[in-house]
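Have a look at the structure below, then the notes.
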Amino acid sequence: MTTSVMSSLTLPNGQTLKNRFAKAAMEESLGNAELLPDDQLVQLYRTWGQGGTGLLLTGNVMVDHMAMTGPGGVVLEADTPLEPFRRWAAAAHEGGAKIWMQINHPGRQVFAALGGKALSASDIAVDLGKHSKMFARPRAMSEGEIEDVIARFVATARQAEKAGFDGVQIHAAHGYLLSQFLSPLTNQRKDQWGGSVSNRARLLLEIVRQVRAAVAADFAVAVKINSADFQRGGFDLDDAHKVVQMLNPLGVDVIEVSGGNYEAPAMQGRTADGRTLAREAYFLEFAEQIARVSEVPVMSTGGVTRLATAQAVVDAGVALVGMGTALAICPDLVNRWQQQPQYRPDIQQINWKDKAIASVAAMALVRRHIRRWAQGASQPTWLSPLVSLLLDQMKMKGKVRRYRAHVAEKAQ
Ligand SMILES: Cc1cc2nc3c(=O)[nH]c(=O)nc-3n(C[C@H](O)[C@H](O)[C@H](O)COP(=O)(O)O)c2cc1C
């Protein structure tokens, strides 16, 4: 018997999702001057919550205000006031969705202009050719700094639970800190945190263990990992299988499969090592293979824009279908599909010659759609990629200045 993508799913720790759709994490860049969620994020998640998607993953929330993936980020630390986060979670619940907070540390993927800490497994900087100087040069972490990061992930997860979130997703994909530890290209340590795959996975596994022990049994703990970095000599599918086997006994609820990093943005359907990803559900093949070794439900994200494709993901033995761009353009897509199974959101391809700039424009376009919903828009619309890119650059510059001022004030 086939499982419908519209059917509910009960997770290993008892939480039930009303259907198999998940809004994938997308950094909204809507944090306020104090790095907190405010009215716009609340409105955005109210809209998504009412749109029919069973599970909403927030954009990544930082575990350290000195280490940000980008300007406009949200931070949740042990002493952060919880009221704004309570409002955020409650807005998602209004329409019957569950909301999990994605928690993250950027490691070396920190913009030089933002400043703050640039820490990594080893002192290897992001290599983006002529764009490399945009990134800070990282320092290899000391044992004490590793312990601090573990404690921060645990503190953020506990705070998320207190604020009414239904779970957390630990971000170990896309070349951020935990993914830097997993990859042999960025982790060249000779101690217990580097070398074999079990050593490279130690930081992730320790965080998962300690988070699981610190939260209630039915609070979901999920992990996002790369199927591969798509770089020669990087984290590969064989490593991913081993990491999943190590995660199996740790009480994880969902493993989301993605891929790539800033150097090789496979999460946008492009690879650096020449492999091409099929346009639709481009991590499905990897997710299917991972689902075979995983005792934990698997989620596949990337390139899903049609109901038939979403159903094909579930038919392939993958428990949850993640969607980012499609839900940024059309937040009530799942409700629309109940009435109009053929409906397809209008997603633009940006085929510019400079692939790095095209990637930045694609992100800027999605962020602009997200901003519209956050400001109370009621219908999808077409937006120009070029105008979105220019607007985004302007907004980001202002947010960089605001962040630097905030950090300077906090340090006094
Ligand atoms: C604007 C934007 C921000 C994103 N931010 C995050 C993030 O914070 N965390 C994360 O894991 N992935 C992030 N992603 C990647 C998405 O979760 C997803 O993997 C990717 O967009 C591919 O899925 P899609 O084809 O359905 O959009 C982001 C993507 C976009 C477009």
request  = Report the far tail of the P(r) of the stretch 49-112, meaning the percent of Cα-Cα pairs longer than 17 Å.
outcome  = 47
ask   = Of 226, 53, 376, which is farthest along the charge dipole of the chain in the positive direction, counting Lys and Arg as +1 and Asp and Glu as -1 at C-beta?
value = 376
query = Dimensions of the chain along principal axes (Cα, Å, largest first)?
reply = 55, 46, 45
inquiry  = Among 385, 115, 300, which residue has its Cα furthest toward the positive end of the charge dipole of the chain, with +1 on Lys/Arg Cβ and -1 on Asp/Glu Cβ?
reply    = 385
query = Quick one: putting +1 on the C-beta of Lys and Arg, -1 on the C-beta of Asp and Glu, what dipole do you get for the stretch 83-175 around its Cα centre, in Debye to the nearest 20?
reply = 300
query = What is the extension gain from residue 130 to residue 216, computed as 0.36 nm multiplied by their sequence separation minus the C-alpha to C-alpha distance, in nm to one decimal?
reply = 26.2 nm
request  = Express as a percent, rounded to the nearest 5, the fraction of DSSP beta bridges in the chain (both residues included) that run antiparallel.
outcome  = 10
note = For the stretch 105-222, inverting the pair-averaged 1/r of distinct alpha-carbon atoms gives a Kirkwood value in Å of 14.9
request  = Measure up 23/397; 224/395; 98/399; 133/397; 23/399; 117/242 against 21 Å on the Cα-Cα distance and list the ones that go over.
outcome  = 23/397; 224/395; 98/399; 23/399; 117/242
note = The size of the Cβ-based charge dipole (Lys, Arg +1; Asp, Glu -1) of the chain about the Cα centre, to the nearest 20 debye, is 1000
key: Qualifying chymotrypsin sites (Phe, Trp or Tyr not before Pro) for the stretch 333-387 [loop in DSSP, other Cβ within 10 Å: at most 16]   = 343, 352, 382
task = When you have a sec, figure out the Kirkwood radius of the stretch 271-412 from all distinct Cα pair distances and drop it here in Å to one decimal?
result = 17.6
request  = Using only the alpha carbons of the stretch 199-318, determine the length spanned along each of the three principal axes and report them from longest to shortest in whole angstroms.
outcome  = 40, 35, 22
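Each reported figure results from applying straightforward, stated rules to the coordinates on display, with no laboratory input. The shown structure was predicted, so the numbers you read here are calculated from the model rather than taken from an experiment. Every residue, glycine among them, receives a Cβ derived from its backbone with ideal geometry; neighbour counts consider all protein chains shown.
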